[in-house]
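Quick notes on the structure that follows.
Here, each number is a calculation from the coordinates, and none is a lab measurement. As the structure is a computational prediction, the values presented were derived from the model and not from experiment. So basically every Cβ, Gly included, is an ideal-geometry build from the backbone, and we count neighbours across all protein chains shown.
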Amino acid sequence: MYIGSHISASKGFEAMGKQALKLGANTFAFFTRNPRGGKAKEIDPADVDKLLALMEEHHFGKLVAHAPYTMNLCAAKENVRNFSMEMFQDDLKRMDYLPGNYYNFHPGSHVGQGAEQGIEMIAEALNGALFEEQTTTVLLETMAGKGSEVGRSFEELRRIIDLVDLDDKLGVCLDTCHIWDGGYDVVDHLDDVLNEFDQVIGLDRLKAIHLNDSMNPLGAHKDRHEKIGQGHLGLEAITRIINHPALKELPFILETPNDDEGYTNEIAMLRKLRKESGAGEES
């Protein structure tokens, strides 16, 4: 089982790997730059190499880097779109230091322009940023539908993918809190939701899971994460998610409101639930 949490990049790459091991993790997410945007730190290739060696030694799964929250490829203001595009292109170049991993981003908010306009702008930006030689798979994240968020439905994500030329560089990160808040019932109808995902997008594009409980009822369109088992999804549903044949080999990233001790406990608990339900499979 590949499971981890968000880890601060402030002390460098090897430090993130060591922190992941302390938490009992064998994957993790990190922000490519300050989550509120701005200039990224210079990369030290030797530091990256130490992380790659650690990941190989400890059999890590793929990493799920996260774009800054301020990146909005379909913003109404042109200067915001341009700034977002610069960050996006720079991040893709930086990700090549960690070949073959994932770069996850929130598709954006159309800010009153309409979802279709937002979708076209996002696809246009992806067409300008993706390049043939990249080894990184860019992941569109499923969103809760708060405000004018694009990506509130599987159909909206599919529409973006359809408009991108190098669509082999694209995948999807499914956030369990977001899709629950967006109206997809993963508690009582997980198989139906995954069948719908398969029909609309294709399960082959599903590359990572943001594993979060939710503070809100189904379809609230709010996006407020809760600790595992303490929200409206509950432990039984999350146990089904981590053991589902279509999902269980994917990297699971916790974005729950926790400190290090909380993440350590959640990771240990989820590994145990995976073992108990997985009929002796290696966890």
Relative to the present Cα-Cα distance, how much length would full extension add between ASP165 and HIS189 at 0.36 nm per residue of separation? 5.3 nm
Name the aspartates and glutamates eligible as straight-distance cross-link partners of LYS39: C-alpha to C-alpha under 20 Å, and not fewer than 8 places from it in the same chain. ASP47, GLU78, GLU86, ASP90, ASP91, ASP96
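Beyond 25 Å, what share of the Cα-Cα pairs of segment 1-108 is found? Please give it as a whole percent. Each step should come with its number before you reach the end.
On the way: 1226 of 5778 pairs.
Of all Cα-Cα pairs in segment 1-108, 21 percent lie more than 25 Å apart.
If exposed GluC sites (Glu not before Pro) are those in a DSSP loop with at most 10 other Cβ within 10 Å, what is the longest stretch of the chain that has none?
Numbers: sites that count: GLU42, GLU132, GLU133, GLU249, GLU282.
It runs 134-248.
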Debye-sum result for segment 193-279 in log10 I(q)/I(0), which assumes one identical scatterer on each alpha carbon, at q = 0.20, 0.21 Å⁻¹: -1.04, -1.13
Under the rule of -39500 (n - 2.57) per DSSP H run of 4 or more residues, summed and divided by the residues of the chain, what mean residue ellipticity at 222 nm is obtained, to the nearest 500 deg cm²/dmol? -12500 deg cm²/dmol
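May I ask what percent, to the nearest 5, of DSSP beta bridges between residues of segment 133-283 are antiparallel?
Details: 2 of 13 bridges.
The antiparallel proportion sits near 15 percent.
Please go through segment 1-43 and write out the trypsin sites (Lys or Arg not before Pro) that DSSP classes as loop and that have at most 16 other C-beta atoms within 10 Å. Provide the component values of the computation, followed by the final result.
On the way: sites: LYS11, LYS18, LYS22, ARG33, ARG36, LYS39, LYS41; in loops: LYS11, ARG33, ARG36, LYS39, LYS41.
Sparse-neighbourhood loop trypsin sites (Lys or Arg not before Pro): LYS11, ARG36, LYS39, LYS41.
Step by step: find N for the chain, compute 2.2 N^0.38 Å, then divide the Cα radius of gyration by it. What's the final number? Don't skip to the answer; put the middle values down first.
On the way: Rg = 17.9 Å, N = 283, 2.2 N^0.38 = 18.8 Å.
Here the answer is 0.95, to two decimals.
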State the Cα centre-to-centre distance between segment 23-57 and segment 149-199 in whole Å. 27 Å
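Place a +1 charge on the Cβ of each Lys and Arg in the chain and a -1 charge on the Cβ of each Asp and Glu, then give the dipole magnitude about the Cα centre in debye, rounded to the nearest 20.
Details: 29 positive and 47 negative charges, 165 e Å.
With only Lys, Arg, Asp and Glu charged at Cβ, the dipole is about 800 debye.
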DSSP beta bridges in the chain, what fraction antiparallel, as a percent rounded to 5? 10 percent
Measure off 7 Å from each Cα along the Cα-to-Cβ vector at GLU86 and HIS221, then give the distance between these two points in nanometres to one decimal. 3.4 nm
So ASP49 and VAL200, fully extended at 0.36 nm per residue minus their Cα-Cα distance, gain in nm 50.5 nm
Under a point spin-label approximation (7 Å from Cα along Cα-to-Cβ), what is the GLN230-ALA40 distance to one decimal in nm? 3.3 nm
Residue order, fewest to most surrounding Cβ atoms within 10 angstrom, among THR264, THR135, THR142, THR239: THR135, THR264, THR239, THR142
